[in-house]
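Asks: The structure follows.
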Amino acid sequence: MLTDNHGRKINYLRLAVTDRCNLRCFYCMPEEGLNWLSRSELMSYEEMLRICSVLVKMGVDKIRITGGEPFVRKDIMSFLSELSRINGLDELTITTNGVLTAPHVSELKRIGVRSVNLSLDTLDAGRFFAITARDEFAAVMNTLDELLKYDIDVKINAVVMDGKNIEDIVPLVQMTRDLPVSVRFIEEMPFNGDGHIYSGLKWDYTRILEEIKTHFPGLRKTEDAPFSTSYNYHIPDHRGGVGIIAAYSRTFCGTCNRIRITPVGELKTCLYDGGGINVKELMRGGLASEDLQNNIINALHHRAKDGWEAERGRSVKDGVHESMATIGG
Ligand code: SAM
Ligand code: SF4
(Lines give C-alpha, C1' and ligand atoms only; values in the text may rest on other atoms or scores of the structure.)
(Ligands and ions follow the chains in the order given, each with its own letter.)
Protein backbone atom coordinates (compact mmCIF):
# COMPACT_ATOMS: atom_id res chain seq x y z
CA MET A 1 0.00 0.00 0.00
CA LEU A 2 1.22 3.48 -0.88
CA THR A 3 1.09 5.98 2.01
CA ASP A 4 2.36 9.49 2.63
CA ASN A 5 4.30 10.98 5.55
CA HIS A 6 1.00 11.65 7.37
CA GLY A 7 -0.16 8.04 7.14
CA ARG A 8 -2.74 8.72 4.43
CA LYS A 9 -3.34 5.95 1.94
CA ILE A 10 -2.73 6.98 -1.70
CA ASN A 11 -4.69 4.97 -4.24
CA TYR A 12 -6.14 7.55 -6.62
CA LEU A 13 -4.42 9.24 -9.57
CA ARG A 14 -5.82 12.13 -11.57
CA LEU A 15 -4.04 12.23 -14.89
CA ALA A 16 -4.35 15.30 -17.13
CA VAL A 17 -3.84 14.22 -20.72
CA THR A 18 -3.80 17.70 -22.28
CA ASP A 19 -3.85 21.39 -21.35
CA ARG A 20 -6.00 22.22 -24.39
CA CYS A 21 -9.69 22.83 -24.30
CA ASN A 22 -12.60 23.69 -26.58
CA LEU A 23 -14.33 25.84 -23.93
CA ARG A 24 -13.09 28.93 -22.13
CA CYS A 25 -14.71 28.64 -18.74
CA PHE A 26 -14.35 31.99 -17.07
CA TYR A 27 -13.06 30.45 -13.81
CA CYS A 28 -10.47 28.22 -15.51
CA MET A 29 -8.93 29.79 -18.60
CA PRO A 30 -8.35 33.20 -20.17
CA GLU A 31 -10.65 33.85 -23.12
CA GLU A 32 -7.80 33.75 -25.63
CA GLY A 33 -6.69 30.39 -24.19
CA LEU A 34 -3.35 29.50 -22.67
CA ASN A 35 0.06 29.25 -24.32
CA TRP A 36 -0.59 25.69 -25.45
CA LEU A 37 2.11 23.19 -24.71
CA SER A 38 3.97 21.73 -27.67
CA ARG A 39 3.58 18.05 -28.43
CA SER A 40 7.07 17.23 -27.16
CA GLU A 41 6.34 18.90 -23.82
CA LEU A 42 3.26 16.72 -23.33
CA MET A 43 3.63 13.20 -22.04
CA SER A 44 3.13 10.72 -24.84
CA TYR A 45 0.51 7.98 -24.47
CA GLU A 46 3.32 5.45 -24.09
CA GLU A 47 4.78 7.46 -21.21
CA MET A 48 1.38 7.80 -19.59
CA LEU A 49 0.74 4.07 -19.85
CA ARG A 50 4.12 3.35 -18.31
CA ILE A 51 3.70 5.68 -15.33
CA CYS A 52 0.15 4.43 -14.76
CA SER A 53 1.37 0.82 -14.74
CA VAL A 54 4.11 1.72 -12.26
CA LEU A 55 1.62 3.49 -9.99
CA VAL A 56 -0.91 0.65 -10.18
CA LYS A 57 1.83 -1.78 -9.12
CA MET A 58 2.50 0.54 -6.17
CA GLY A 59 -1.12 0.55 -4.98
CA VAL A 60 -3.10 2.99 -7.13
CA ASP A 61 -6.38 1.33 -8.12
CA LYS A 62 -8.39 4.28 -9.40
CA ILE A 63 -7.42 6.63 -12.24
CA ARG A 64 -9.38 9.66 -13.38
CA ILE A 65 -8.58 11.09 -16.80
CA THR A 66 -8.92 14.84 -16.97
CA GLY A 67 -7.27 17.88 -18.56
CA GLY A 68 -7.83 20.35 -20.27
CA GLU A 69 -10.53 18.56 -22.15
CA PRO A 70 -9.56 14.88 -22.59
CA PHE A 71 -11.61 14.43 -25.77
CA VAL A 72 -9.70 17.08 -27.71
CA ARG A 73 -6.57 14.94 -27.59
CA LYS A 74 -6.16 12.83 -30.72
CA ASP A 75 -6.72 9.07 -30.34
CA ILE A 76 -7.89 9.41 -26.76
CA MET A 77 -10.18 6.38 -27.08
CA SER A 78 -7.34 4.01 -28.05
CA PHE A 79 -5.36 5.28 -25.07
CA LEU A 80 -8.32 4.80 -22.71
CA SER A 81 -8.88 1.33 -24.05
CA GLU A 82 -5.25 0.35 -23.36
CA LEU A 83 -5.33 1.99 -19.95
CA SER A 84 -8.44 0.06 -19.00
CA ARG A 85 -6.53 -3.18 -19.54
CA ILE A 86 -3.87 -2.50 -16.87
CA ASN A 87 -4.00 -5.35 -14.40
CA GLY A 88 -4.96 -4.16 -10.93
CA LEU A 89 -6.75 -1.01 -12.04
CA ASP A 90 -10.26 -1.27 -10.55
CA GLU A 91 -11.74 2.01 -11.63
CA LEU A 92 -11.19 4.20 -14.67
CA THR A 93 -13.18 7.42 -14.68
CA ILE A 94 -13.23 10.61 -16.73
CA THR A 95 -13.96 14.27 -16.15
CA THR A 96 -15.23 15.97 -19.30
CA ASN A 97 -17.00 19.10 -20.42
CA GLY A 98 -19.20 16.92 -22.64
CA VAL A 99 -18.78 18.89 -25.87
CA LEU A 100 -17.21 16.03 -27.89
CA THR A 101 -18.07 13.12 -25.61
CA ALA A 102 -21.46 11.84 -26.80
CA PRO A 103 -20.21 9.75 -29.78
CA HIS A 104 -17.78 7.89 -27.49
CA VAL A 105 -20.18 6.91 -24.72
CA SER A 106 -20.97 3.41 -25.99
CA GLU A 107 -17.25 2.67 -26.31
CA LEU A 108 -16.59 4.07 -22.83
CA LYS A 109 -19.18 1.66 -21.52
CA ARG A 110 -17.62 -1.21 -23.44
CA ILE A 111 -14.13 -0.64 -21.98
CA GLY A 112 -15.56 -0.57 -18.47
CA VAL A 113 -15.91 3.12 -17.59
CA ARG A 114 -18.68 3.06 -15.00
CA SER A 115 -18.68 6.67 -13.91
CA VAL A 116 -18.19 10.05 -15.62
CA ASN A 117 -18.02 13.54 -14.14
CA LEU A 118 -19.70 15.99 -16.47
CA SER A 119 -19.03 19.69 -15.94
CA LEU A 120 -22.20 21.72 -16.28
CA ASP A 121 -22.53 25.01 -14.43
CA THR A 122 -25.92 26.10 -15.73
CA LEU A 123 -29.10 24.78 -17.34
CA ASP A 124 -29.57 27.95 -19.34
CA ALA A 125 -28.03 28.13 -22.83
CA GLY A 126 -27.43 31.88 -22.58
CA ARG A 127 -25.62 31.63 -19.26
CA PHE A 128 -23.67 28.64 -20.60
CA PHE A 129 -22.35 30.91 -23.34
CA ALA A 130 -21.59 33.69 -20.86
CA ILE A 131 -19.56 31.29 -18.68
CA THR A 132 -17.79 29.24 -21.37
CA ALA A 133 -17.61 31.69 -24.30
CA ARG A 134 -18.77 28.87 -26.60
CA ASP A 135 -22.21 27.92 -27.91
CA GLU A 136 -22.09 24.24 -26.94
CA PHE A 137 -24.89 23.80 -24.42
CA ALA A 138 -26.87 21.43 -26.66
CA ALA A 139 -23.85 19.18 -27.21
CA VAL A 140 -23.26 18.87 -23.47
CA MET A 141 -26.91 18.03 -22.81
CA ASN A 142 -26.70 15.41 -25.54
CA THR A 143 -23.74 13.83 -23.73
CA LEU A 144 -25.77 13.78 -20.52
CA ASP A 145 -28.57 11.93 -22.34
CA GLU A 146 -26.12 9.40 -23.79
CA LEU A 147 -24.45 8.74 -20.43
CA LEU A 148 -27.83 8.07 -18.84
CA LYS A 149 -28.91 5.93 -21.78
CA TYR A 150 -25.86 3.71 -21.28
CA ASP A 151 -26.43 3.58 -17.56
CA ILE A 152 -23.14 5.26 -16.70
CA ASP A 153 -23.05 6.82 -13.27
CA VAL A 154 -23.08 10.63 -13.76
CA LYS A 155 -21.79 13.25 -11.40
CA ILE A 156 -22.43 16.81 -12.54
CA ASN A 157 -19.77 19.32 -11.47
CA ALA A 158 -21.07 22.87 -11.11
CA VAL A 159 -18.71 25.63 -9.98
CA VAL A 160 -20.66 28.22 -8.00
CA MET A 161 -19.78 31.75 -9.13
CA ASP A 162 -21.13 34.92 -7.67
CA GLY A 163 -22.89 36.97 -10.34
CA LYS A 164 -22.69 34.16 -12.93
CA ASN A 165 -24.82 31.16 -12.01
CA ILE A 166 -26.34 31.55 -8.56
CA GLU A 167 -29.78 31.33 -10.18
CA ASP A 168 -28.83 27.84 -11.39
CA ILE A 169 -28.43 26.31 -7.94
CA VAL A 170 -32.13 25.58 -7.55
CA PRO A 171 -32.75 24.22 -11.10
CA LEU A 172 -29.68 22.00 -10.85
CA VAL A 173 -30.93 20.55 -7.55
CA GLN A 174 -34.39 20.22 -9.09
CA MET A 175 -32.87 18.13 -11.85
CA THR A 176 -32.09 15.39 -9.29
CA ARG A 177 -35.81 14.82 -8.81
CA ASP A 178 -36.24 13.03 -12.14
CA LEU A 179 -32.69 12.10 -13.11
CA PRO A 180 -30.43 9.63 -11.28
CA VAL A 181 -27.48 12.04 -11.22
CA SER A 182 -25.44 13.48 -8.41
CA VAL A 183 -25.09 17.26 -8.73
CA ARG A 184 -22.02 18.54 -6.92
CA PHE A 185 -21.58 22.24 -6.28
CA ILE A 186 -17.92 23.27 -6.15
CA GLU A 187 -16.46 26.32 -4.44
CA GLU A 188 -14.64 28.50 -6.96
CA MET A 189 -10.85 28.40 -6.61
CA PRO A 190 -8.25 30.93 -7.80
CA PHE A 191 -6.88 28.60 -10.49
CA ASN A 192 -8.11 30.57 -13.50
CA GLY A 193 -4.89 31.05 -15.45
CA ASP A 194 -5.13 34.76 -14.56
CA GLY A 195 -8.11 35.16 -16.88
CA HIS A 196 -9.63 37.43 -14.26
CA ILE A 197 -8.80 38.68 -10.79
CA TYR A 198 -10.06 36.21 -8.21
CA SER A 199 -12.10 38.40 -5.95
CA GLY A 200 -12.18 35.99 -3.02
CA LEU A 201 -14.70 33.31 -2.21
CA LYS A 202 -18.23 34.67 -1.91
CA TRP A 203 -20.07 31.34 -2.00
CA ASP A 204 -18.47 28.93 0.38
CA TYR A 205 -19.92 25.50 1.17
CA THR A 206 -21.98 26.78 4.10
CA ARG A 207 -23.64 29.49 2.02
CA ILE A 208 -24.32 27.06 -0.82
CA LEU A 209 -25.90 24.66 1.68
CA GLU A 210 -28.10 27.40 3.16
CA GLU A 211 -29.31 28.36 -0.30
CA ILE A 212 -30.27 24.76 -1.09
CA LYS A 213 -31.93 24.22 2.30
CA THR A 214 -34.04 27.36 1.86
CA HIS A 215 -35.57 25.94 -1.30
CA PHE A 216 -35.50 22.27 -0.33
CA PRO A 217 -36.29 22.05 3.38
CA GLY A 218 -36.47 18.25 3.13
CA LEU A 219 -32.72 18.09 2.35
CA ARG A 220 -31.08 15.37 4.48
CA LYS A 221 -27.40 14.60 5.05
CA THR A 222 -26.33 11.18 3.81
CA GLU A 223 -23.24 9.25 4.75
CA ASP A 224 -20.12 10.35 2.88
CA ALA A 225 -18.10 7.56 1.29
CA PRO A 226 -14.56 7.12 2.66
CA PHE A 227 -12.20 9.63 0.98
CA SER A 228 -15.15 11.60 -0.38
CA THR A 229 -14.35 15.22 -1.15
CA SER A 230 -18.04 16.15 -1.09
CA TYR A 231 -20.59 16.58 1.66
CA ASN A 232 -23.53 14.58 0.40
CA TYR A 233 -27.28 15.10 0.71
CA HIS A 234 -30.54 13.69 -0.48
CA ILE A 235 -34.03 15.07 -0.92
CA PRO A 236 -36.95 12.68 -0.33
CA ASP A 237 -38.48 11.38 -3.58
CA HIS A 238 -35.55 12.61 -5.67
CA ARG A 239 -33.82 9.96 -7.78
CA GLY A 240 -30.42 11.66 -7.64
CA GLY A 241 -28.34 13.29 -4.94
CA VAL A 242 -26.64 16.57 -4.12
CA GLY A 243 -23.06 17.20 -3.02
CA ILE A 244 -21.01 20.22 -2.03
CA ILE A 245 -17.25 20.29 -2.53
CA ALA A 246 -15.33 22.72 -0.33
CA ALA A 247 -12.50 22.96 -2.85
CA TYR A 248 -11.35 26.37 -1.62
CA SER A 249 -12.10 25.88 2.10
CA ARG A 250 -10.17 22.61 1.92
CA THR A 251 -12.07 20.68 4.55
CA PHE A 252 -11.20 17.24 3.14
CA CYS A 253 -7.38 17.24 3.21
CA GLY A 254 -7.19 14.94 6.26
CA THR A 255 -8.30 11.95 4.21
CA CYS A 256 -6.90 12.96 0.82
CA ASN A 257 -5.97 9.81 -1.13
CA ARG A 258 -5.14 11.45 -4.45
CA ILE A 259 -2.16 12.57 -6.46
CA ARG A 260 -2.07 14.36 -9.78
CA ILE A 261 0.07 14.18 -12.87
CA THR A 262 -0.05 17.28 -15.05
CA PRO A 263 0.07 17.20 -18.87
CA VAL A 264 3.85 17.84 -18.74
CA GLY A 265 4.42 15.02 -16.29
CA GLU A 266 4.73 16.89 -13.02
CA LEU A 267 3.65 14.79 -10.05
CA LYS A 268 1.65 16.94 -7.65
CA THR A 269 0.92 15.56 -4.22
CA CYS A 270 -1.50 18.43 -3.55
CA LEU A 271 -3.61 20.59 -5.84
CA TYR A 272 -2.25 23.68 -4.09
CA ASP A 273 1.46 22.83 -4.14
CA GLY A 274 3.96 24.31 -6.58
CA GLY A 275 4.77 20.96 -8.23
CA GLY A 276 7.19 18.22 -7.37
CA ILE A 277 9.13 15.68 -9.39
CA ASN A 278 8.66 15.41 -13.13
CA VAL A 279 8.00 11.78 -14.07
CA LYS A 280 8.19 12.49 -17.80
CA GLU A 281 11.72 13.89 -17.46
CA LEU A 282 12.71 10.98 -15.24
CA MET A 283 11.40 8.46 -17.78
CA ARG A 284 13.03 10.31 -20.69
CA GLY A 285 16.28 10.28 -18.69
CA GLY A 286 16.13 6.48 -18.84
CA LEU A 287 15.27 5.80 -15.20
CA ALA A 288 14.47 2.19 -14.39
CA SER A 289 11.02 1.50 -12.98
CA GLU A 290 12.40 0.70 -9.53
CA ASP A 291 14.16 4.09 -9.34
CA LEU A 292 11.00 5.76 -10.61
CA GLN A 293 9.11 4.13 -7.75
CA ASN A 294 11.70 5.36 -5.23
CA ASN A 295 11.34 8.92 -6.53
CA ILE A 296 7.56 8.69 -6.16
CA ILE A 297 7.82 7.30 -2.62
CA ASN A 298 10.22 10.09 -1.72
CA ALA A 299 7.83 12.75 -3.09
CA LEU A 300 5.00 11.26 -1.03
CA HIS A 301 7.15 11.38 2.06
CA HIS A 302 7.44 15.15 1.67
CA ARG A 303 3.73 15.77 1.21
CA ALA A 304 2.11 18.82 2.80
CA LYS A 305 -0.32 18.14 5.65
CA ASP A 306 -3.07 20.07 3.87
CA GLY A 307 -3.75 22.52 1.06
CA TRP A 308 -3.01 25.51 3.29
CA GLU A 309 0.46 24.24 4.13
CA ALA A 310 1.05 23.39 0.45
CA GLU A 311 0.05 26.91 -0.59
CA ARG A 312 2.32 28.48 2.05
CA GLY A 313 5.18 26.40 0.61
CA ARG A 314 4.99 28.28 -2.69
CA SER A 315 7.15 31.32 -3.37
CA VAL A 316 5.22 34.60 -3.44
CA LYS A 317 5.71 35.12 -7.16
CA ASP A 318 4.52 31.59 -7.71
CA GLY A 319 1.24 32.18 -5.83
CA VAL A 320 -1.84 30.19 -6.77
CA HIS A 321 -2.81 31.47 -10.22
CA GLU A 322 -2.31 28.77 -12.85
CA SER A 323 -5.21 27.28 -14.80
CA MET A 324 -6.92 24.11 -13.61
CA ALA A 325 -6.40 22.94 -17.18
CA THR A 326 -2.61 22.85 -16.70
CA ILE A 327 -2.91 21.16 -13.31
CA GLY A 328 -5.60 18.65 -14.14
CA GLY A 329 -8.83 19.51 -12.41
N1 SAM B 1 -12.40 19.96 -19.25
C2 SAM B 1 -12.91 19.00 -18.35
C3 SAM B 1 -14.10 19.53 -17.60
O4 SAM B 1 -14.32 20.73 -17.60
O5 SAM B 1 -14.80 18.72 -17.01
C6 SAM B 1 -11.89 18.46 -17.37
C7 SAM B 1 -10.89 19.43 -16.80
S8 SAM B 1 -11.58 20.68 -15.75
C9 SAM B 1 -10.13 21.59 -15.33
C10 SAM B 1 -11.98 19.72 -14.32
C11 SAM B 1 -12.89 20.36 -13.33
O12 SAM B 1 -12.22 21.46 -12.74
C13 SAM B 1 -14.19 20.90 -13.92
O14 SAM B 1 -15.28 20.30 -13.28
C15 SAM B 1 -14.14 22.36 -13.61
O16 SAM B 1 -15.39 22.87 -13.33
C17 SAM B 1 -13.20 22.43 -12.43
N18 SAM B 1 -12.56 23.73 -12.30
C19 SAM B 1 -11.80 24.37 -13.20
N20 SAM B 1 -11.39 25.57 -12.74
C21 SAM B 1 -11.89 25.69 -11.49
C22 SAM B 1 -11.82 26.72 -10.51
N23 SAM B 1 -11.15 27.85 -10.71
N24 SAM B 1 -12.47 26.51 -9.34
C25 SAM B 1 -13.17 25.35 -9.13
N26 SAM B 1 -13.27 24.36 -10.04
C27 SAM B 1 -12.64 24.52 -11.21
FE1 SF4 C 1 -12.00 23.64 -20.38
FE2 SF4 C 1 -12.74 22.17 -18.31
FE3 SF4 C 1 -11.29 24.42 -17.97
FE4 SF4 C 1 -13.79 24.61 -18.78
S5 SF4 C 1 -13.09 23.76 -16.82
S6 SF4 C 1 -12.03 25.73 -19.67
S7 SF4 C 1 -14.06 22.83 -19.98
S8 SF4 C 1 -10.62 22.58 -18.96
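The values are calculated or read from the model by the stated rules, or taken from the named source; none is laboratory data. Please read all numbers here as calculations on a predicted model, not as lab measurements. In this analysis, Cβ positions are derived from the backbone assuming ideal geometry, glycine residues included, and neighbour counts consider all displayed protein chains. To get the accessible areas, we keep the full protein, side chains included, count just its heavy atoms, and leave off ligands, DNA and RNA. Shrake-Rupley method; radii C 1.70, N 1.55, O 1.52, S 1.80 Å.
Asks: Write down the accessible area per residue of the range 90-161 in Å², having rolled a 1.4 Å probe over the full set of protein chains.
Replies: On a per-residue basis, the range 90-161 sits at 39 Å².
Asks: If you roll a 1.4 angstrom probe over the protein chains with everything in place, what fraction of the accessible area of the range 1-107 belongs to carbon and sulfur, to the nearest %?
Replies: 46 percent
Asks: In Å and whole numbers, how far do the C-alpha atoms of the range 164-284 stretch along each principal axis, longest first?
Replies: 54, 33, 25
Asks: Could you pull out the chymotrypsin sites (Phe, Trp or Tyr not before Pro) across the range 1-108 that fall in loop regions by DSSP (anything but H, G, I, E, B) with no more than 16 other Cβ atoms inside 10 Å?
Replies: In loop regions of the range 1-108 (DSSP not H, G, I, E or B), the sparsely surrounded chymotrypsin sites (Phe, Trp or Tyr not before Pro) are TRP36.
Asks: So who's got an amide H within less than 5 Å of the one on GLY241, skipping anything under 5 residues away but keeping other chains? H placed 1.01 Å off N, in plane.
Replies: VAL181, SER182, VAL183
Asks: Taking Cα pairs under 8 Å and at least six residues apart, what relative contact order does the range 182-329 come out at, in percent?
Replies: Over the range 182-329, the number comes to 25 percent.
Asks: Shifting gears a bit: Work out the FRET efficiency for ASN35 and GLU309 from their Cβ-Cβ distance, taking R0 = 22 Å, and round it to the nearest 0.05.
Replies: 0.15
Asks: Under a point-charge model restricted to the Cβ atoms of Lys and Arg (+1) and Asp and Glu (-1), what is the dipole moment magnitude of the chain relative to its Cα centre, in debye to the nearest 20?
Replies: Computed charge dipole of the chain: roughly 580 debye.
Asks: Okay, moving on. Quick one: Cα convex hull volume of the range 67-157, Å³ per residue?
Replies: So the per-residue Cα hull volume is 91 Å³.
Asks: The range 177-246: D in µm²/s via Stokes-Einstein (Kirkwood Rh, Cα pairs, 10 °C, 1.306 mPa s)?
Replies: Value of D from the Cα-based Kirkwood radius: 119 µm²/s.
Asks: So what J values fall out for the range 266-280 if you push phi through Karplus, 6.51 cos²θ - 1.76 cosθ + 1.60 with θ = phi - 60°, rounded to Hz, Gly and Pro as x?
Replies: 7, 8, 10, 8, 8, 3, 8, 7, x, x, x, 6, 10, 6, 5
Asks: Right, next: Just to be sure I understand the model, the point goes 7 Å from the Cα along the line to the Cβ. What's the resulting HIS321 to ALA288 distance in nm?
Replies: 4.3 nm
Asks: Of ARG85, ARG50, which has the most accessible area with a 1.4 Å probe, and how do the rest follow in descending order?
Replies: ARG85, ARG50
Asks: Still on this model: Once you keep just the Cα pairs under 8 angstrom separated by 6 or more residues, what percentage relative contact order results for the chain?
Replies: Once normalised by length, the contact order is 23 percent.
Asks: How compact and how long is the chain, expressed as Rg and Dmax of its alpha-carbon atoms in Å?
Replies: Rg, Dmax (Cα atoms, Å): 19.0, 59.
Asks: For ALA125 and ILE297, compute 0.36 nm times the residue count separating them, minus their Cα-Cα distance, and round to one decimal in nm.
Replies: That works out to 57.3 nm of additional length.
Asks: Now for a different question. Using the 4.7 Å Cβ rule, please list in number order the cysteines from the chain without any candidate partner.
Replies: Cysteines lacking a close Cβ partner in the chain: CYS21, CYS52, CYS253, CYS256, CYS270.
Asks: Test of understanding: extend the Cα→C-beta vector of ASP135 to 7 Å, then name every residue of the range 145-170 with backbone N under 16 Å from that spot.
Replies: Zone members listed by number: none at all.
Asks: In angstroms, what radius of gyration and Dmax does the range 47-106 have, counting Cα atoms only?
Replies: 11.8, 34
Asks: Can you pull out the trypsin sites (Lys or Arg not before Pro) in the range 180-241 whose DSSP state is coil and whose Cβ has at most 13 other Cβ atoms within 10 Å?
Replies: LYS202, ARG239
Asks: Further question: Where does the chain land at 222 nm, in deg cm²/dmol rounded to the nearest 500, when only DSSP H runs of n ≥ 4 count, each adding -39500 (n - 2.57), divided by all residues?
Replies: -8500 deg cm²/dmol
Asks: While we're here: With unit charges on the beta carbons (Lys and Arg positive, Asp and Glu negative) and the dipole taken about the Cα centre of the chain, which residue among ASN257, THR229, LEU108 sits farthest to the positive side?
Replies: Farthest towards the positive pole: ASN257.
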